[in-house]
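What follows is calculated from the coordinates using simple rules that are stated; it is not laboratory data. This is a predicted model, so every value here is computed, not measured. Here Cβ is always computed from backbone atoms with ideal geometry, including for glycine, and neighbour counts include all displayed protein chains.
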Amino acid sequence: MALKKNSRRILPVLAVLGLVATSGYLTLELRQQEDDGITEIRNVGVLNGIKGTTGASTDKGEEGWTRLENPARSVLRGGDGRVKAVLTDGAQTAKLTGPARTFAEPASTGSKVSTTDWVRLMPKAWSEGAEKEKWFKEWYGEYADSKEDDIFASAFQYVQGVQDKKDEQGRLVAGDANFGPLNTTGAEDGDLRLEQSDFYDYLGKPYPFRDGKTGTPEAMRARSLDCSGYIRMVVGFRGRYPLMSSDRSGDGLPRTANGMARSKEGVDVLPLKGITPADRPTAIDQLQPGDLVFFKLDARTKERLDHVGIVLGHDTEGHLIFVSSREEVNGPTIGDIGGVSRLDGNGYYAKTLRSAKRL
């Protein structure tokens, strides 16, 4: 289903934003020297139990686990007290500490996010005590210090100016993505670009879903990802999170932003209370990198949420930034064109935020 977005007109000149060829539209840097590995937990929550730890004691210079609430989660700290992993009950998303990276998009924003957070999907949803289970020990042993592409790395492989990436069979899996084809129908809705471009449209290959249905790409949508299609590409096709063929068929992540927000997948970090301005959540300190955030932008979509993005983290000025695919920029961005990409304050997207989910 189409996701209707902000109907503001965008001047064609935006399509010709100048970029330096060697840097591309967005730069992703892996620092030569790693930071100290300190990861801040802005929402500490409440200790679950008197000591709040299981396993080895950090007082002895060994790793130790702490249980926190709001939402319920397990935190692994090294013997120096620094966070190594945050794992939320009911979610497959794991936030690990790794080499520092900097995400920037100088063509459309002054924001720059420097982070040691790496977001990966575990093979199973987390539950208290899972650190003792074989599946987790094997998974963590493989990815604790890995520099293999995570959710963030995949997310920034679709921004303007990046090089194409192909799989071992030579098939295109990443590279500069559009939001959607130009709207040449003269429709009264006034949208500059058409929605409904899913991940298989970008790939140009049919995709067999687990419910027996097949996603058939449209040629005019090649290399295009609307906001929910972008999430399904990064988290689903690339991250291997199960995908529904629509909002109503199959199991896993639904097709639209509204379907994702209202599904039972993952954990509702900021539960959806409603779609009016009065329903804007205030506890955004509970968000962490990798969370999906949902917005109500367009009155034409009535009771439906109509935009989705991924929390990236705090920029160097302390603002909470997210990445999403947008019509105004014609693809994935952390930029300010069409609305500053901040979840704090009273900007366009901050005021239209309605809920958040941790898959």
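From the phi of every residue in the stretch 330-343, what ³J(HN,Hα) in whole Hz does the Karplus formula 6.51 cos²θ - 1.76 cosθ + 1.60 yield, where θ is phi - 60° and glycine or proline is x?
Result, rounded to whole Hz: 6, x, x, 6, 10, x, 9, 5, x, x, 4, 7, 10, 9.
Principal axis lengths of the stretch 205-272 from Cα atoms, whole Å, largest first?
Cα extents, longest axis first: 38, 24, 20 Å.
From the phi angles alone, apply the Karplus equation (6.51, -1.76, 1.60; θ = phi - 60°) to the stretch 250-266 and give each ³J(HN,Hα) in whole Hz, x where the residue is Gly or Pro.
Per residue, the Karplus-derived 3J(HN,Hα) values read x, 10, x, 7, x, 6, 10, 4, 5, x, 4, 4, 9, 6, 8, 5, x Hz.
Pairs LYS95/LYS213; LYS95/LYS205; LYS84/LYS134: which exceed 22 Å Cα-Cα? Spell out each step's value before the answer.
Numbers: LYS95/LYS213 33 Å; LYS95/LYS205 31 Å; LYS84/LYS134 19 Å.
From the list (LYS95/LYS213; LYS95/LYS205; LYS84/LYS134), the Cα-Cα distance tops 22 Å for LYS95/LYS213; LYS95/LYS205.
Counting other Cβ atoms within 10 Å, which GluC sites (Glu not before Pro) in the stretch 290-359 have at most 14 and lie in a DSSP loop? Don't jump to the answer; show the numbers that get you there.
Values: sites: GLU303, GLU317, GLU327, GLU328; in loops: GLU303, GLU317, GLU327, GLU328.
Sites meeting the loop and neighbour criteria: GLU303, GLU317.
Once the piece of chain linking ALA130 and ASN70 is laid out straight, how much longer is it, given 0.36 nm per residue of separation minus the C-alpha distance between them?
Working: separation 60, 0.36 × 60 = 21.60 nm, distance 1.87 nm.
This chain segment gains 19.7 nm when fully extended.
Relative to the present Cα-Cα distance, how much length would full extension add between ALA299 and ASP285 at 0.36 nm per residue of separation? The partial results should precede the final answer.
On the way: separation 14, 0.36 × 14 = 5.04 nm, distance 2.75 nm.
Between ALA299 and ASP285, full extension yields 2.3 nm more.
At 0.36 nm per residue, and after removing the present C-alpha to C-alpha distance, how many nm does the segment from ASP145 to ASP251 gain when stretched out fully?
Values: separation 106, 0.36 × 106 = 38.16 nm, distance 3.14 nm.
Extra length available between ASP145 and ASP251 comes to 35.0 nm.
Where does each of LYS273, LYS134 land when they are ranked from fewest to most other beta-carbon atoms within 10 angstrom? Each step should come with its number before you reach the end.
Details: LYS273 12, LYS134 7.
Exposure proxy ranking, most exposed first: LYS134, LYS273.
Debye calculation, C-alpha points only, no solvent: report log10 I(q)/I(0) for the stretch 149-279 at q = 0.13 Å⁻¹, in the same order as the q values.
Each listed q maps to, in turn, -0.60.
What spacing in nm lies between the two simple spin-label points modelled at LYS264 and THR102, each 7 Å away from Cα in the Cβ direction?
Here the answer is 4.6 nm between the modelled labels.
At each listed q (0.11, 0.18 Å⁻¹), what is the log10 of I(q)/I(0) that the Debye formula gives for the stretch 141-223 modelled as equal alpha-carbon point scatterers?
Rounded to two decimals, the profile gives -0.42, -0.92.
Going toward the positive end of the dipole of the stretch 212-283, with +1 on Lys and Arg Cβ and -1 on Asp and Glu Cβ, which of SER246, ALA283, VAL269 do you reach last?
The listed residue farthest towards the positive side: SER246.
Arranged by the count of other C-beta atoms within 10 angstrom, fewest first, what order do MET122, MET220 take?
Lowest to highest Cβ neighbour count: MET220, MET122.
Using a Förster radius of 25 Å, what is the FRET efficiency between THR216 and GLN169 based on their Cβ-Cβ separation? Nearest 0.05, please.
Numbers: r = 20 Å, r/R0 = 0.80.
Using R0 = 25 Å, I get an efficiency of 0.80.
Could you list log10 I(q)/I(0) for the stretch 85-197 at q = 0.18, 0.23 Å⁻¹, which the Debye formula gives when each Cα is one point scatterer?
Here the Debye-derived log intensity ratios amount to -1.05, -1.24.
Report P(r) for the stretch 224-346: all Cα-Cα distances, bin width 10 Å, range 0 to the bin holding the largest distance, values in whole percent.
13, 45, 37, 5, 0
Give me a comma-separated list of calculated 3J(HN,Hα) values for the stretch 288-300, in order, Karplus coefficients 6.51, -1.76, 1.60 applied at θ = phi - 60°, integers in Hz, x for any Gly or Pro.
Listing the rounded values in order: 9, x, x, 5, 8, 10, 10, 10, 10, 9, 10, 5, 5 Hz.
Between MET122 and residues 5 or more places away or on another chain, which pairs have amide H atoms under 5 Å apart, with H built 1.01 Å from N, and which residues are they?
Amide H neighbours of MET122, under 5 Å, 5+ apart: THR93, ALA94.
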